[in-house]
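The values are calculated or read from the model by the stated rules, or taken from the named source; none is laboratory data. Source: prediction; values computed, not measured. We place every Cβ from the backbone using ideal geometry, glycine too, and count neighbours over all the protein chains shown.
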Number of protein chains: 2
Amino acid sequence: MVATLLKQTVQTLDKVVIFGVGLIGGSFALALKQQAAVRQVVGVGRTRAALERALALGIIDEIGGDLASALQNADLVLIAAPVAQTEAILSAIYPHLNPHTVVTDAGSTKSDVVDAARRALAEKVGQFVPAHPIAGRESNGPDAALASLYAGKKIVIAALPENTPASLECVSAAWQRCGAVPHFLTPAQHDHVFAAVSHLPHLLAYALVDQITEQPEAEQRFEFAASGFRDFTRIAGSSPEMWRDISLANRIALLDELAHYQVQLQRLQKDLQNSDGAALLAMFSNAQAARQRWIRTIEAAEKPGVGGGD
Amino acid sequence: MVATLLKQTVQTLDKVVIFGVGLIGGSFALALKQQAAVRQVVGVGRTRAALERALALGIIDEIGGDLASALQNADLVLIAAPVAQTEAILSAIYPHLNPHTVVTDAGSTKSDVVDAARRALAEKVGQFVPAHPIAGRESNGPDAALASLYAGKKIVIAALPENTPASLECVSAAWQRCGAVPHFLTPAQHDHVFAAVSHLPHLLAYALVDQITEQPEAEQRFEFAASGFRDFTRIAGSSPEMWRDISLANRIALLDELAHYQVQLQRLQKDLQNSDGAALLAMFSNAQAARQRWIRTIEAAEKPGVGGGD
């Protein structure tokens, strides 16, 4: 770790271009600036107001005009726009992409992003390093950006066979300067892992809240919901558009996890029908023990930081 | 509210007997004592060590010896032992129950408790007022007890037709002195409401964690689980024995909620299979809006207090 940090401190990026200067892109910029790891940050986006706000907040140094000049001599491009825009952004970048520029993203799904990158960047796809920072907050936009957002958090790098060691090192080093800890998964591994521990739980939480709203005594039920319900459904407060896009982008892995889960519920249904206390106890005990092991590991590994989405 | 409070301050209980001097029973005793709402608290339980600890902590004034003398002249008896013991405790109380004594409980399910009470107390069942305080913490035992546990929390009173206004008033007033806000539901309403907003979420959280442990790459999946997973599965850290008992006690209402939820998941499965983004968005948006309304209501209604179980 010390060796890595020493190595990082010598690298400063001359120019970073960020598509989408909200929570994710803005926090990346702020963290790099706080570490004096970048000389110039150029912001690109569809919303002029957000870009001007990012400029006023010191997140970016310049609002990118035409893409050719924005991308001129860029060391690193981060795409932190909604995932559904990734392919269009990569296609727009393609004609202006300098040979030494590395492009990365921050999308919550990876196989679909890789497909989009192959279509949009063609023979230049090796310059694209797919990635996913595991951090977030409930709020969005430039004002939500924090230099500390990634401190101690994971950055998953879903490398392509075409990526050079130098391009991987560039992305990995930049995120380390933000305080994140790099982890390497294949795009398929990434999507299965997050289908299981993030995407399915979001669907389950949405489905539960939706179910209660459809019941004749919905109001009474909500009235008595307490802290267990609050925590279980916190992720049902997440952006519906974002989670529609993630669900569709990762539908194959998600359908697989969902099918397993439906079998789990059939087990529970049978156990309840049979009043099989031993079977219920076995499942609950296994889950409780696994969660206790997990929470001990995670609390030991992660510094206290900003909570929020993932 | 002011009128109620003024009325409460004149009432002091001479003797309260508590079966189970842990978090729930202990906090009830501490709160009554803090309000000078009780002259004497007698603790009864199966574990001598817990009773002695409760005595040392000032939760109880006396460890009950034989039940006849413990119950002699009691104004109020609270059963705060595991729900599975309720019937045995009520049967043991029956021969010693003074005509003016009111008995209540704190169990998480009510229809089964009412059945147990009818069997155990027979013609004296009108003296039993079923209740359920909606408060908790992750920790248990006398040391976890807090005088403030019930401040601003709900106490559900699931009255029986046989209860007299005076017996309802006795239980309601005692909980109000603890800071709790009384709500009245029938036992069946109570069980359906909590099946929907508490019991089913517990099962869903246990089932998800259990599912991940059974996967070949369980360790990798847990490694990337983040704050959304942590909150969603917090209730899977709850006592497996307690939730087995609750699941069995409320299995009819729970099976009903579970069946609805299985239909919800079939909808999601179909929408994902058809890449039906509009249908996914409709469910997610409905859930998000409902949860946002709920959290605003709950945050306005509840004072900041102790979090934890329900």
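From (1) crowded, with 24+ Cβ neighbours inside 10 Å; (2) farther than 28 Å from B:Ser275 by Cβ; (3) touching a helix residue (DSSP H, G or I) at 6+ places or on another chain (Cβ under 7 Å), pick out the condition that doesn't hold for A:Pro182. It fails just one condition, (1).
Let's see how each residue does on (1) closer than 27 Å to A:Gln11 by Cβ; (2) assigned by TED's automatic domain parsing to the domain that holds A:Val21; (3) touching a Phe, Trp or Tyr at 6+ places or on another chain (Cβ under 7 Å); (4) of a type in the set (A, V, I, L, M, F, W, C):
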position	(1), (2), (3), (4)
A:His96	yes, yes, no, no
A:His132	yes, yes, no, no
A:Leu146	yes, yes, no, yes
A:Ile155	yes, yes, yes, yes
A:Pro161	yes, yes, no, no
A:Cys178	yes, yes, yes, yes
A:Pro182	yes, yes, yes, no
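Quick check on my filter: what residues within region B:270-304 are more than 7 Å from chain A (Cβ to nearest Cβ) and of a type in the set (Gly, Ala, Ser)? Listed by number, the residues that qualify are B:Ala278, B:Ala279, B:Ala282, B:Ala289, B:Ala300, B:Ala301.
Restricted to region A:210-269, and to residues that are acidic (Asp, Glu) and either within 7 Å of chain B (Cβ to nearest Cβ) or in contact (Cβ under 8 Å) with a residue 12 or more places away in the chain (or both), which residue is nearest to B:Arg267 (Cα to Cα)? Only one residue tops the list, namely A:Asp210.
Can you name every residue in region A:88-147 that is touching a strand residue (DSSP E or B) at 6+ places or on another chain (Cβ under 7 Å) and of a type in the set (Val, Ile, Thr)? Of everything in region A:88-147, those that are touching a strand residue (DSSP E or B) at 6+ places or on another chain (Cβ under 7 Å) and of a type in the set (Val, Ile, Thr) turn out to be A:Ile89, A:Ile93, A:Thr101, A:Val102, A:Val103, A:Thr104, A:Val113, A:Val129, A:Ile134.
Can you work out which of the residues in region A:109-127 that are part of a helix (DSSP H, G or I) and among the β-branched types (Val, Ile, Thr) is surrounded by the most Cβ atoms within 10 Å (Cβ to Cβ)?
Step one: filter region A:109-127 for residues part of a helix (DSSP H, G or I), giving A:111-127.
If we keep only those that are among the β-branched types (Val, Ile, Thr) as well, we get A:113-114, A:125.
Values: A:Val113: 27, A:Val114: 21, A:Val125: 18.
Result: A:Val113.
Of all residues in region A:208-228, which are under 29 Å from the mean Cα position of the chain (by Cα) and among the charged types (D, E, K, R)? Selection gives A:Asp210 alone. Looking across A:Val193, A:Val156, one residue alone is free of Cβ contacts under 8 Å to residues at least 24 places away in the same chain and closer than 13 Å to B:Phe224 by Cβ. It is A:Val193. Number of residues in region B:128-146 that are more than 22 Å from B:Thr47 (Cβ to Cβ), in a loop (DSSP other than H, G, I, E, B) and either within 14 Å of another protein chain (Cβ to nearest Cβ) or more than 12 Å from the chain's Cα centre (by Cα) (or both): the value is 1.
Out of B:Thr86, B:Thr104, B:Thr109, which single residue is closer than 17 Å to B:Val193 by Cβ and among the polar types (S, T, N, Q)?
Details: B:Thr86 fails: closer than 17 Å to B:Val193 by Cβ; B:Thr104 fails: closer than 17 Å to B:Val193 by Cβ.
Sole residue among the options that is closer than 17 Å to B:Val193 by Cβ and among the polar types (S, T, N, Q): B:Thr109.
For (1) at pLDDT below 95; (2) in contact with a strand residue (DSSP E or B) (Cβ under 7 Å, 6 or more places away or on another chain); (3) in a helix (DSSP H, G or I); (4) more than 8 Å from chain B (Cβ to nearest Cβ), each residue gets a yes or a no:
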residue: A:Cys170; (1), (2), (3), (4): no, yes, yes, yes
residue: A:Trp175; (1), (2), (3), (4): no, yes, yes, yes
residue: A:Gly179; (1), (2), (3), (4): no, no, no, yes
residue: A:Pro182; (1), (2), (3), (4): no, yes, no, yes
residue: A:His190; (1), (2), (3), (4): no, yes, yes, yes
residue: A:Phe194; (1), (2), (3), (4): no, no, yes, no
residue: A:Ser198; (1), (2), (3), (4): no, no, yes, no
residue: A:Leu204; (1), (2), (3), (4): no, no, yes, no
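No other residue among B:Gln11, B:Gln40 is modelled with pLDDT of 95 or more, out of contact with any Leu (no Cβ under 7 Å at 6 or more places or on another chain) and surrounded by fewer than 22 Cβ atoms within 10 Å (Cβ to Cβ) apart from B:Gln40.
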